[in-house]
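Working notes, beginning with the structure itself.
The values are calculated or read from the model by the stated rules, or taken from the named source; none is laboratory data. Just so you know, these numbers come straight off a predicted model, no measurement behind them. Positions of Cβ are backbone-derived with ideal geometry, glycine not excepted, and every protein chain shown enters the neighbour counts.
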Amino acid sequence: MSDISVVIPTFNRLWALPQAVESCRSAGGNVEIVVVDDGSTDGTWDWLQAQQDIVAIRTDNWGKDWAVETALSAARGEYVRFLDSDDWLCEDANADQLALARETGADLVVAGYEDYDEESGERRVNAWNDCDDFIAQQLGEGWASHYSAFLFRRELIRGIPHRQDFALRDDRLFILEVAMRQPRLAVYRQPAFVHRRHGGERLQYAAGFKRDLGYWTHIAIYRKVLGLLEQRGELTSRRKQAAIRTLWPNVRSFAKAYPREAAEVVDWIYRLDPQFVPPVRPALALAYRVLGFATTERLLRLRSLPQ
């Protein structure tokens, strides 16, 4: 058994994949690198065949979620981490996070990460923010980092899949399900990976219909998770407020294309918190009350009123 399995799904990312893989090699620890090539046509599979230290798996372009699940079924590490093929790990992150997990008995070692803008060359460190309610934090109470910065004990995530029904926000649902298992946490105080911003398509930066579907998927995840928390008697006022803080901008963005459906979500928000006051200008808040959310949003779209 390896100490750590790094799971890397990839599709036509040969321009970036070697850096991602090399960062796993140089990050220390007894590391197993599992790469699933999800039907690439750019020579990725040939490149993988030439690598002696990679568990390489070929799938038929069923998407990231199935690629990750395939990789997890092959992974043998005591701990697991997830890495997109256009990102890379920071030096020593694997070894240091593993040592911290062993020292503290943590199920989950969290950390911040670094943003890298490929066009400008700008780098920005997003340090971990401490929070005494991990569920509230992941719902939106504060900055929640990125799950590629986290090291998971394999037993902790057993039975939590990357769910295809929520594919545009699968990692958000995954980490919320992890949080609901109330893991023992340890904090690694250095950035654990580098998130590359580039001109190619990434799921979180979709446009058009995919963008709107992403908003709806995010909303659907929160309705599902809050429903589960309510069933368990764990939906505190604090967690409701955290969720609403995240839901509101998603609902406003979704309303630009689908005001009626967004209005239904707003009604649900008011049921969650009857005292909720929309964080908008007073005149707009008044329009919501008098005209209704859907009608007001249609008017904003048609007349380009200031918001």
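Considering only residues that are polar (S, T, N, Q) and under 15 Å from the mean Cα position of the chain (by Cα), which ones fall in the range 211-249?
The answer is THR217, THR246.
Among the residues making up the range 233-247, those that are of a type outside the set (Ser, Thr, Tyr) and either touching a residue at least 12 places away in the same chain (Cβ under 8 Å) or in contact with a His (Cβ under 7 Å, 6 or more places away or on another chain) (or both) are GLU234, ARG238, ARG239, LYS240, GLN241, ALA242, ALA243, ILE244, ARG245, LEU247.
Inside the range 68-122, can you point out the residues that are without any contact (Cβ under 8 Å) to a residue 24 or more places away in the chain and either among the small types (Gly, Ala, Ser) or farther than 22 Å from VAL178 by Cα (or both)? Matches in the range 68-122: SER73, ALA99, SER120, GLY121, GLU122.
Among helices (runs of 4 or more DSSP H) lying entirely in the range 249-307, which contain 1 or more residues that are acidic (Asp, Glu), within 24 Å of LEU226 (Cα to Cα) and modelled with pLDDT of 95 or more?
259-272
Among the residues of the range 256-281, those identified as over 14 Å from THR296 (Cα atoms) and aromatic (Phe, Trp, Tyr) are TRP268, TYR270, PHE276.
Can you spot a residue in the range 92-107 that is closer than 30 Å to GLY39 by Cα, at pLDDT 95 or above and of a type in the set (A, V, I, L, M)? Looking through the range 92-107, at least one residue is closer than 30 Å to GLY39 by Cα, at pLDDT 95 or above and of a type in the set (A, V, I, L, M).
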